[in-house]
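The next block holds one structure in the form of structure tokens; read it before the comments.
The values are calculated or read from the model by the stated rules, or taken from the named source; none is laboratory data. Keep in mind that this is a model prediction, so the values were computed, not measured. Note: ideal-geometry Cβ built from the backbone for every residue, glycine included; neighbour counts use all protein chains shown. Protein only, heavy atoms only, side chains kept; ligands, DNA and RNA dropped before computing areas. Shrake-Rupley method; radii C 1.70, N 1.55, O 1.52, S 1.80 Å.
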Amino acid sequence: MSPHVNPTKPERTFFAAYNFIPLPDKVLSVSEDTAFDCDAGGSKKKVWEVHDRFLHGTLSGWIDLDIKTETPLYIRCGVAPEHAADPEPRSNPHRQEFFHHGEPPAGDPLPVIPGSSLRGMVRGLVEIASFGKVQWFSGAGEPKRLAYRGVADSSSMGKEYRAQLNRASLRGGYLHISGDQWSIRPATTINNASFVRVRYTDVPQVLKGTHQCRSVFVKAPHGSGDHAFPVAEAVRLAEEKGFEPATLVVSGDIKGKTMHCAIYAAQPGAAELPIPDEMRRTYLDDHRSIHKRSVPGSAPRELGNEGDPLFYLVGKKGELVYFGPTLMFRMSYAHTIGDFVPAGLRRESDIDLAEAIFGRVGNEGAIKGRVRFEDAKATAATFLDTDGGRRSPLILGAPKPTSFQLYLEQDQPDDPLKLRHWGSDPKNTRIRGSKRYWHRRNAGENRFEKQLMPASKQHTIIRPVDASSHFAGRIQFDNLLPVELGALLFVLELPETMRHQLGMAKARGLGSVEIRPALTLIDRDGRYRKMFGGDGAIHEAVIGADEAGKLAKDARKQFVRCITAFVGLPRVEDIDLWQLPRLAALGVMLRWEGAPLENITSPKLGDSLWRQRAVLPTPYAVAGVEPPREIGPVDIKTGATIEVRLRSDTTRKGGPKFDIIGTGRVGVLHSRSDPLPENVKPGDSLLLVVRADDTMPQLAWIDPEAPPAPPPKTRPPNRGR
């Protein structure tokens, strides 16, 4: 299977407010991890199975979160029953508010970030950082096939669609319903055809522009060719020679349309063709989706009534391929979305680190989580000025997985006829990975309309908090293994150049936040040895800051060791996990300093990039940065010249730090090094010399124009007496 390839031509390059973190090659399963003796009988349980006692060797405590908004933030509120009658946010001001715990007697309700939002954000990051399972995709619970229509599509999908709808395999019939079972009653075949095309001009004017059916009589063609013949509604024509009863299917008024179709009457005594239940569900799900996003009156007629006329496609063995209400109906792809997630990445029997920490439900047994996320209440929050802080952004539609050129890995993106789609062989492509949104700095008020838009169905009304608002929350945890706490700290303690994302409208630039975590650990033994402190209050028995700092540092190291061992890297303490290719892509998406420009947004519908099915490049290509090299066992020897990349963060004393290319290690500048050139900026690559191979290698810049250093002074040898 070839990895995703970036398009090379501007007309083949698509840009969007989102991108993808590539799938892992394998899942880090913790199913065989530490078990503890949990009762006198000598039985052992996994650490995530124990909730009735505290386990030695595990860590308990809490993480306080100081959350500062970098851009406006919005999370829609729940509504009290007395205000819930109107479900539309555009007309119900109570549904426009930020999430809160209840309206006070006077003044604005206090904004609150629900713990569920924090939990979802942190869990998603842990799943990526710990090479977890890929299970959050459409149809993960049951197989789900997408439907498509490619009449004028110029890509490989359109070519395949038109090839399938050949006249020999396309037939007309009528729907038969018996309880929950659907089947097709074939239409009568006349001259090898079960339907005929009718000239658009022969259809009564009253029917044009509608989606409906009408009983008519048509004159059957003499040969097997599919020609148009006059249509008539007069009953008297039934007895005239050459006229046959049929059902005229009017499929709507489209520019350039020249034909409608009429299906002959059902054939008496013909064997019915069963419609599989999965196919029926696929059709109904797809129709509801189309109806939801269509202009009223433009959606195709829905099948669901006894005797509804329809068209269907049969395979070489006479089996039903698919069906629909119009001649050029939407068909289902050959594969489900889940087929494009390798089986090894979604095995229910595996337990990944995120499931062990946060819990799960499913057929393989539920796991109760050992972390609890409290709601984060505002400590200093302001709403936007004017209009009571309310704004009208465009509504955000659901993901459009039918845009296969964006959601599947493409190995030949410059050729539309060679694009992989949901009907392609899953052995040749995969889904792109975990979807993330770009941070959008300085987007300003252009995220919203200049005035409220209560009459526009394409807009909603929200009341976000402004940038520089602060919230305080807490994560409580019990019985976490050090590696599990290390995973939490890794995704919470982002580098200075990165930010988290919360809430709604991330595609519009909302929800960028800075989180500063503060860890507190509990001494469980100390708590049970002493119930009260000297002041009579309950003794919390928290571990001192120095000792807690050491335990936290060890937890981070254990997580690094876990990941490096999993990916097959040598055990080096200072490896920077953000240089691993998968996490480096996440780091690019989380970048706040140097985030892509404001114009990184999806083209409007109808743009040629949509019609031509242009392909989305990787996060590195969009951000204009070089992808990292695969990290390997590179031997860093004193005196060797190595390639490094200048980091944006510095040492405690303000000195430069470097990513050592191809190793995952971080180096610093040697105290006796020449100064770096003034034009070097973060992200630039350099060649440096290793002066000392310490835990954090010390490197030196040798200015080629600098005079040679004097030889070191030496002591005369001690000759003794």
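Can you find a residue that is under 29 Å from Tyr174 (Cβ atoms), more than 22 Å from the chain's Cα centre (by Cα) and of a type in the set (Lys, Arg) anywhere in segment 355-369? Lay out the reasoning, then the answer.
To start, the set of residues in segment 355-369 that are under 29 Å from Tyr174 (Cβ atoms) comprises none.
No.
Taking the stated definitions as given, is Glu496 part of a loop (DSSP other than H, G, I, E, B) and in contact with an Asp or Glu (Cβ under 7 Å, 6 or more places away or on another chain)?
Here the answer is yes, as Glu496 does meet what is asked.
Looking across segment 399-411 at every residue that is part of a loop (DSSP other than H, G, I, E, B) and in contact (Cβ under 8 Å) with a residue 40 or more places away in the chain, the one that is surrounded by the most Cβ atoms within 10 Å (Cβ to Cβ) is identified as Gln410.
Looking at Asp385, Asp414, which one is touching a Lys or Arg at 6+ places or on another chain (Cβ under 7 Å), open to solvent by 30 Å² or more (accessible area, probe 1.4 Å), not in a helix (DSSP H, G or I) and not aliphatic (A, V, I, L, M)?
Asp414
Within segment 323-379, which residues are among the polar types (S, T, N, Q), open to solvent by less than 50 Å² (accessible area, probe 1.4 Å) and without any contact (Cβ under 8 Å) to a residue 24 or more places away in the chain?
Initially, segment 323-379 is screened for residues among the polar types (S, T, N, Q), giving 326, 332, 336, 349, 363, 379.
Pick out the ones that are also open to solvent by less than 50 Å² (accessible area, probe 1.4 Å) and you get 326, 332, 336.
Residues satisfying the conditions do not exist here.
Let me confirm something: among Gly662, Gly624, which residue is at pLDDT 85 or above and surrounded by fewer than 21 Cβ atoms within 10 Å (Cβ to Cβ)? Don't jump to the end; show me each part of the working.
Working: Gly662 fails: at pLDDT 85 or above.
The match here is Gly624.
Identify all residues within segment 281-305 that are β-branched (Val, Ile, Thr) and at pLDDT 85 or above; write none if there are none. The answer is Thr282, and nothing else.
In a helix (DSSP H, G or I) and either in contact with a Phe, Trp or Tyr (Cβ under 6 Å, 6 or more places away or on another chain) or open to solvent by 50 Å² or more (accessible area, probe 1.4 Å) (or both), is that true of Arg527? Walk me through how you get there before you give the answer.
On the way: in a helix (DSSP H, G or I): yes; either in contact with a Phe, Trp or Tyr (Cβ under 6 Å, 6 or more places away or on another chain) or open to solvent by 50 Å² or more (accessible area, probe 1.4 Å) (or both): yes.
Considered against the rule, which asks whether it is in a helix (DSSP H, G or I) and either in contact with a Phe, Trp or Tyr (Cβ under 6 Å, 6 or more places away or on another chain) or open to solvent by 50 Å² or more (accessible area, probe 1.4 Å) (or both), Arg527 comes out as yes.
Working carefully through the options Arg447, Arg430, find the one that is of a type in the set (Lys, Arg) and either under 30 Å from Pro413 (Cα atoms) or touching a strand residue (DSSP E or B) at 6+ places or on another chain (Cβ under 6 Å) (or both).
Details: Arg447 fails: either under 30 Å from Pro413 (Cα atoms) or touching a strand residue (DSSP E or B) at 6+ places or on another chain (Cβ under 6 Å) (or both).
It is Arg430.
Applying the selection to segment 361-389, what residues are charged (D, E, K, R) and modelled with pLDDT of 90 or more? So that I can check it myself, show each step before the final result.
Of segment 361-389, the ones charged (D, E, K, R) are 364, 368, 370, 372, 374-375, 377, 385, 387.
If the condition is that a residue be charged (D, E, K, R) and modelled with pLDDT of 90 or more, then Lys368, Arg370, Arg372, Glu374, Asp375, Lys377 are the ones that fit.
The set of residues in segment 672-688 that are touching a residue at least 24 places away in the same chain (Cβ under 8 Å) and either open to solvent by 100 Å² or more (accessible area, probe 1.4 Å) or acidic (Asp, Glu) (or both) comprises Arg672, Asp674, Pro675, Lys681, Asp684, Leu687.
Can you find even one residue in segment 46-58 that is open to solvent by 40 Å² or more (accessible area, probe 1.4 Å) and under 29 Å from the mean Cα position of the chain (by Cα)? Give the derivation first.
The first filter runs over segment 46-58 and keeps only residues open to solvent by 40 Å² or more (accessible area, probe 1.4 Å), leaving 46, 49, 51-54, 56-57.
Filter once more, keeping what is under 29 Å from the mean Cα position of the chain (by Cα): none.
No, that holds for no residue.
Per-residue answers, yes or no, for (1) under 18 Å from Val371 (Cα atoms); (2) modelled with pLDDT under 85:
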| position | (1), (2) |
| --- | --- |
| Ala472 | yes, no |
| Leu485 | yes, no |
| Lys550 | no, no |
| Leu569 | no, yes |
| Trp578 | no, no |
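Of everything listed in (1) free of Cβ contacts under 8 Å to residues at least 12 places away in the same chain; (2) open to solvent by 50 Å² or more (accessible area, probe 1.4 Å), the single unmet condition for Ala84 is (2). Lys44 falls short on exactly one of the conditions (1) modelled with pLDDT of 90 or more; (2) in contact with a strand residue (DSSP E or B) (Cβ under 8 Å, 6 or more places away or on another chain), and that condition is (1). In segment 87-116, the residue that is nearest to Arg499 (Cα to Cα) out of those that are open to solvent by less than 50 Å² (accessible area, probe 1.4 Å) and of a type in the set (Gly, Ala, Ser) is Gly115.
For every residue, the table says whether it meets (1) more than 34 Å from the chain's Cα centre (by Cα); (2) closer than 16 Å to Glu496 by Cβ; (3) not acidic (Asp, Glu).
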| residue | (1), (2), (3) |
| --- | --- |
| Thr641 | yes, no, yes |
| Arg647 | no, yes, yes |
| Gly654 | yes, yes, yes |
| Lys657 | no, yes, yes |
| Thr663 | no, no, yes |
| Leu669 | yes, no, yes |
| Glu678 | yes, no, no |
| Pro682 | no, yes, yes |
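Only one of the listed residues (Ala614, Ala700) is touching a helix residue (DSSP H, G or I) at 6+ places or on another chain (Cβ under 7 Å) and surrounded by 15 or more Cβ atoms within 10 Å (Cβ to Cβ). That residue is Ala614.
Take the conditions within 21 Å of Leu28 (Cβ to Cβ), acidic (Asp, Glu), within 21 Å of the chain's Cα centre (by Cα) and modelled with pLDDT under 90 and apply them to Glu348. Does it pass? Don't jump to the end; show me each part of the working.
Working: within 21 Å of Leu28 (Cβ to Cβ): yes; acidic (Asp, Glu): yes; within 21 Å of the chain's Cα centre (by Cα): yes; modelled with pLDDT under 90: yes.
The answer is yes for Glu348.
The set of residues in segment 580-611 being more than 30 Å from Glu484 (Cβ to Cβ), open to solvent by less than 50 Å² (accessible area, probe 1.4 Å) and modelled with pLDDT of 80 or more consists of Ala595, Leu609.
Considering only segment 251-280, state which residues are in a helix (DSSP H, G or I) and either modelled with pLDDT of 90 or more or over 12 Å from Trp182 (Cβ atoms) (or both). Asp277, Met279, Arg280 - these are the residues of segment 251-280 that are in a helix (DSSP H, G or I) and either modelled with pLDDT of 90 or more or over 12 Å from Trp182 (Cβ atoms) (or both).
Does segment 117-137 contain any residue that is open to solvent by less than 10 Å² (accessible area, probe 1.4 Å) and either among the aromatic types (Phe, Trp, Tyr) or under 19 Å from Val465 (Cα atoms) (or both)? Show your work before the answer.
Of the residues in segment 117-137, the ones open to solvent by less than 10 Å² (accessible area, probe 1.4 Å) are 118, 122, 125-126, 128-130, 132.
Right, trim to either among the aromatic types (Phe, Trp, Tyr) or under 19 Å from Val465 (Cα atoms) (or both) and you get 118.
Yes.
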